[in-house]
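Where a number appears in this text, it was derived from the coordinates with a stated rule and is not lab data. This is a predicted model, so every value here is computed, not measured. A quick note on method: Cβ atoms are made from the backbone with ideal geometry, for glycine too, and the neighbour counts reach across all protein chains shown.
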Amino acid sequence: MTVETPETIELAEQRAELKTVLESRGFVRAPTLANLLSYLCEKLFAGEANQIKEYSIAVEAFHRSASFDQDSDSIVRVEANRLRRRLTEYYQGEGSTNRLHITIPVGQYVPRFERRNASDGDPVSNALSGPANAAPPGAPAVHRSLALARRLGWIAGVVCVALALWYSWKLSHQLRPAQSEPEQAPPNGLAFEPPLGPPGGEEVRILAGAGRSFADHADKLWSADQWFTGGTAVKSSIGHIARTLDPDFYRTSRQGQFRYDIPLRKGVYELHLYFAETLYGPESSGTGGEGSRIMTVRANGSVLLGDFDVVADAGASSTADEKLFTGIEPAADGKLHLDFSAENGQQATLSAIEILPGIRGHIRPVRILARETPYYSNDSHWWSPDNYFEGGQLAAYTAPVRGTDDPELYETERWGNFSYAIPVTAGRYSVTLYFAARHGNWDEPSSDALEGKPEVAHEFNVFCNGQTLLAAFDLTKEARDSDVVIRRFEGLEPNAQGKLNLSFVPVRGYATVTGIEVLPQ
């Protein structure tokens, strides 16, 4: 005779919720998404959550070959993004009263089952990333008594309400990390910064010259090329593209004399234009470099970029280059008109367009973690995966650091001799650098690739556009009472190319950084 325990009851509930979701209208009409959700959940139920990786999903769920390359084929990220959206739509409508909700956290593929209060839809217990016998770290142990489990659930509901009230108070005060203290008030002018993730509102992402959508490492979904007139779609076979985790993103482009007429709701937007010179340069079939392609870019008739040379701006060919503009608004006809032209018989080029809800008078905050996936920190800020870098290597660690309530934020680092070229607009900025000292655990990544290596020194200089920020900075010595070291710098200004160029140069051993935060002042 089988004895039912809270564990088996919980697993049965999760299977029942999966069945309900798969039988809903939205998933019956989307067999690809239904198959993906079923695959992910069945892996979880089988206790194989650690096997849910982008490669295994591509091979087992989408039947890609064993030679699957995630850099050139983004099917998993695209479909996972669609699945997250479909689940959100389901639980906002047809499944709004369900006691369990299935979510796929951003930057991850392991499903989570969250128990909801039947009366108001608020969570009343910790999110479950699997059956009860695999409770997440920090969750209370599952008791054999079902009655006691229910009582604990009621207590958890009361605690959750208290936490919700505390959280609302916290958001109203908007606390932030500081150089010597864990948190401090935000700088002036950031009153409009949203507390949870990037600003909400209409977002437009177009991959120029692309015939299909693309999901990048930040789980942003880019549509195939649209709303263009003129020009030609160009595909490059060039190998390395510097300063990006997504080289394939820059291998398509629209070239020639062309324009985009993009419909937008009334409002203020932030415009990002993405370029990479893949024709002229040492690795390409073309010749030349600086001066080989001079462009002009206009928005609603006004010049955004004049005499623009991608190679000169990026510092090299085959290098990702991003230009940022604030205060962008649609024209009277409700469209943003972008014109791209070149002189002397040359062709303009463009890799992508991104239009985001703007903060009037400021750029949106920039937060970068040296990792390959996005991350929501404990203070509910969204951190982009590594971007804008050149040189160095990524490392991930399993041992948690001391001195922080968010150790996951410090699990990774970029180390070596490297730089970041972060695009901003004219103005003054604060830059906060986040470091993690691991003392005796230096260079012991989770891959164990460097296991057994001797301790490595981390003494280095940090420069911003040639200005010294840190000189002979010895991270081991600076990390006395805490493994976490935070340094903040005020009043930094971009160079003529609109970049904050941060250089991390070794003095002894290697330079390192975990996170970079850029805020307007």
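Ordering 18-27, 326-335, 101-110 by mean Cβ neighbour count within 10 Å, with the highest value first, yields 101-110, 18-27, 326-335.
Calculate, in nm to one decimal, what His63 and Lys266 gain on full extension: separation in residues at 0.36 nm each, minus their alpha carbon distance. Gain in length upon complete extension: 68.7 nm.
Distance between the pseudo-spin-label points of Asn461 and Asp73 (7 Å out from Cα toward the beta carbon): 4.7 nm.
Ordered by the count of other Cβ atoms within 10 Å of each Cβ, fewest first, Arg85, Arg487 give Arg85, Arg487. Considering the range 313-444 at the alpha-carbon level, its Rg and Dmax are found to be 19.1, 62 Å. Taking all Cα pairs closer than 8 Å and separated by 6 or more residues, the relative contact order of the range 366-520 comes to 32 percent.
Projected onto planes of every orientation and averaged, the convex hull of the alpha-carbon atoms in the range 44-97 covers 4.8 nm². For the set Lys220/Lys266; Lys43/Lys235; Lys43/Lys220, the pairs lying more than 32 angstrom apart at their alpha carbons are Lys43/Lys235.
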